[in-house]
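Engineer: For reference, the structure I am asking about is given below.
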Amino acid sequence: MSTVNPTGSIPNHLAWSIIATVLATCLCCPLGLVGIVAIVFSSKVNSLLAQGDVDGAWRASKNAKTWCWVATGLAILGLIINIAYFSMVGSAGYMEALQQMQ
């Protein structure tokens, strides 16, 4: 464990993880909730730094970033699927499908 505490120099990716989770869940499917894993790792960064565990904070930051990319990828995939579906069935068919989901 490192003894140097570069407070604030380890990104926690919390904002990215929250935004990616919300977008992935709304645009893709409930599978987008894997972004919650990113939120958990993001929230660990600052607490590990406060405990003096810089190495653990770096590991949590890297894990958070990985899961943020997974959630972002799901959001992008969901957006592409929605655009493709909208372009195939048109606005009336898209609205009808949304109403049936509700």
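The values are calculated or read from the model by the stated rules, or taken from the named source; none is laboratory data. Bear in mind the structure is a predicted one, so any value in this text is a computation, not a measurement. Note that we place each Cβ from the backbone using ideal geometry, even for glycine, and neighbour counts take in every protein chain shown. Please note that ligands, DNA and RNA were not included when accessible areas were found on the heavy atoms of the full protein model with its side chains. Shrake-Rupley method; radii C 1.70, N 1.55, O 1.52, S 1.80 Å.
Engineer: Can you work out the accessible area per residue across the chain, with the rest of the protein chains kept in place, probe 1.4 Å, in square angstrom?
Structural biologist: The answer is 63 Å² per residue.
Engineer: In addition: Only Cα pairs under 8 Å and at least 6 apart count here; give the relative contact order of the chain as a rounded whole percent.
Structural biologist: Normalised by residue count, the contact order of the chain is 33 percent.
Engineer: What's the carbon and sulfur percent of the chain's accessible surface, probe 1.4 angstrom, rounded to a whole number? Working shown, then result.
Structural biologist: Details: 4470 of 6440 Å².
Using a 1.4 Å probe with all protein chains present, the chain comes out at 69 percent carbon and sulfur.
Engineer: Could you work out how much longer the chain between Val40 and Asp55 gets when fully extended? Use 0.36 nm per residue separation minus the Cα distance between them, nm to one decimal.
Structural biologist: My answer for the length gained is 3.7 nm.
Engineer: If you don't mind, there's one more thing I want to ask. Let me check something: with ligands and nucleic acids excluded, how do Cys68, Cys29 order by accessible area (1.4 Å probe), largest to smallest?
Structural biologist: Greatest to least solvent exposure: Cys29, Cys68.
Engineer: Ordered by residue, what ³J(HN,Hα) values in Hz, to whole numbers, does the range 16-33 give under the Karplus form 6.51 cos²θ - 1.76 cosθ + 1.60, where θ = phi - 60° and Gly and Pro are x?
Structural biologist: Once θ is set to phi - 60°, the couplings for the range 16-33 become 4, 5, 5, 5, 5, 5, 5, 5, 5, 5, 6, 8, 9, 4, x, 4, x, 5 Hz.
Engineer: Okay, moving on. For the range 70-77, in order, what is each residue's ³J(HN,Hα) by Karplus, 6.51 cos²θ - 1.76 cosθ + 1.60 with θ = phi - 60°, in whole Hz (x at glycine and Pro)?
Structural biologist: Karplus values, whole Hz, x for Gly and Pro: 4, 5, 5, x, 5, 5, 5, 4.
Engineer: With Cα extents along the principal axes in Å in mind, check [x] 31, 28, 21; [y] 61, 21, 16; [z] 50, 42, 24 and report the label derived from this structure.
Structural biologist: [y]
Engineer: Could you calculate the FRET efficiency of Gln100 with Cys29 from 1/(1 + (r/R0)^6), where r is the beta carbon distance between them and R0 is 22 Å, rounded to 0.05?
Structural biologist: Details: r = 16 Å, r/R0 = 0.71.
Once the sixth-power term is evaluated, E becomes 0.90.
Engineer: If you plug each phi of the range 54-68 into the Karplus form 6.51 cos²θ - 1.76 cosθ + 1.60 with θ = phi - 60°, what whole-Hz ³J(HN,Hα) values come out, in order, with x for Gly and Pro?
Structural biologist: Each residue of the range 54-68 in turn: 5, 4, x, 5, 5, 4, 5, 5, 5, 5, 4, 5, 4, 5, 5 Hz.
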